[in-house]
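A.B. asks: Input: one structure, supplied below.
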């Protein structure tokens, strides 16, 4: 098992996407219902903002990842298609609108994420926590997974998320240690992300993280990142192929073959992750509810 390497720093001609990365155009009744409801309630989704390739499949099955605190991020990660700049004021009604949307769509599992709001004293953690609380009140049976920013490592902000008691607390490592400075915003640090996950775990949370492949990492670096995640007792891991959103973003260095992802998935299971999802089109919230129910809820019920 090896990740195909292209010389570091070497400029490569733009290559067509391999067959295994082609997806159908989104459409269908359930997809349109989810899109219409979220638009009516003025809710943003990472599915659209980050140009996720799975939007058709996920929305078609009634699953969406809602993005809180607007659609403008204070950070400028070089892989992300979410707009970067100076965001507007927070909408105090957004947590209630989110809860209303879940009720209207009848979702059993919801992933809630957000842009970074570094200009706010708590990074928007109180707003994020309020959304979880509103969801608990409006839809107590809905399982809520949160994919949070690092809140610059502020313990008080992280504790707000823990106190709101989401079902799963996720924060993405995104890439290997060596590539972090060139891939992520300068305010995002590899160790800080690990510390966030460690704090969530210490607070009793089920934890989750994600890595993108195809940015020039080596197999050893990927395994080392997986080991670092296990060292902070991260429970769930997803690995997927990085896809370049626009010409302004980092180029794809490698298209990692499906069998390499399969090998990493098997390795992750051996390493002790409770669940690993790995594949070219896997994203941090891809089929999150289905994976969680099958690989956690059912096991706990049996146990």
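A.B. asks: Read through the list (1) surrounded by fewer than 21 Cβ atoms within 10 Å (Cβ to Cβ); (2) within 21 Å of residue 156 (Cβ to Cβ), then give the number of the only condition that residue 113 fails.
C.D. replies: Residue 113 satisfies every listed condition except (1).
A.B. asks: Counting only residues that are surrounded by fewer than 20 Cβ atoms within 10 Å (Cβ to Cβ) and within 18 Å of the chain's Cα centre (by Cα), which one in the range 234-256 is modelled with the highest pLDDT?
C.D. replies: 244
A.B. asks: May I ask you to say which residue of 264, 211 is touching a strand residue (DSSP E or B) at 6+ places or on another chain (Cβ under 6 Å), at pLDDT 95 or above and closer than 19 Å to residue 168 by Cα?
C.D. replies: 211
A.B. asks: Something else about it: Give 228, 159 a once-over and let me know the one that is surrounded by fewer than 19 Cβ atoms within 10 Å (Cβ to Cβ) and either without any contact (Cβ under 8 Å) to a residue 24 or more places away in the chain or not in a loop (DSSP other than H, G, I, E, B) (or both).
C.D. replies: Of the residues listed, the single one that is surrounded by fewer than 19 Cβ atoms within 10 Å (Cβ to Cβ) and either without any contact (Cβ under 8 Å) to a residue 24 or more places away in the chain or not in a loop (DSSP other than H, G, I, E, B) (or both) is 159.
A.B. asks: Tell me, please, whether a residue that is at positive phi and either part of a loop (DSSP other than H, G, I, E, B) or modelled with pLDDT of 95 or more (or both) can be found in the range 165-184.
C.D. replies: Yes: the range 165-184 contains one or more residues that are at positive phi and either part of a loop (DSSP other than H, G, I, E, B) or modelled with pLDDT of 95 or more (or both).
A.B. asks: Restricting attention to the range 80-128, which residues are over 16 Å from residue 148 (Cβ atoms), in a helix (DSSP H, G or I) and in contact (Cβ under 8 Å) with a residue 60 or more places away in the chain?
C.D. replies: 101, 104, 105
A.B. asks: Restricting attention to the range 129-144, which residues are within 20 Å of residue 117 (Cβ to Cβ) and in contact (Cβ under 8 Å) with a residue 60 or more places away in the chain?
C.D. replies: 131 - this is the single residue of the range 129-144 that is within 20 Å of residue 117 (Cβ to Cβ) and in contact (Cβ under 8 Å) with a residue 60 or more places away in the chain.
A.B. asks: A further question on this structure: Tell me, please, whether a residue that is over 25 Å from residue 113 (Cβ atoms), surrounded by fewer than 21 Cβ atoms within 10 Å (Cβ to Cβ) and modelled with pLDDT under 95 can be found in the range 283-291.
C.D. replies: Within the range 283-291, not a single residue is over 25 Å from residue 113 (Cβ atoms), surrounded by fewer than 21 Cβ atoms within 10 Å (Cβ to Cβ) and modelled with pLDDT under 95.
A.B. asks: Based on this model, can you work out whether residue 194 counts as within 23 Å of residue 273 (Cα to Cα) and surrounded by 23 or more Cβ atoms within 10 Å (Cβ to Cβ)?
C.D. replies: The answer is no for residue 194.
The values are calculated or read from the model by the stated rules, or taken from the named source; none is laboratory data. All figures in this text were calculated on a predicted structure; none of them were measured in a lab. Cβ coordinates were reconstructed from backbone atoms using ideal geometry, including for glycine residues, and neighbour counts include every protein chain displayed.
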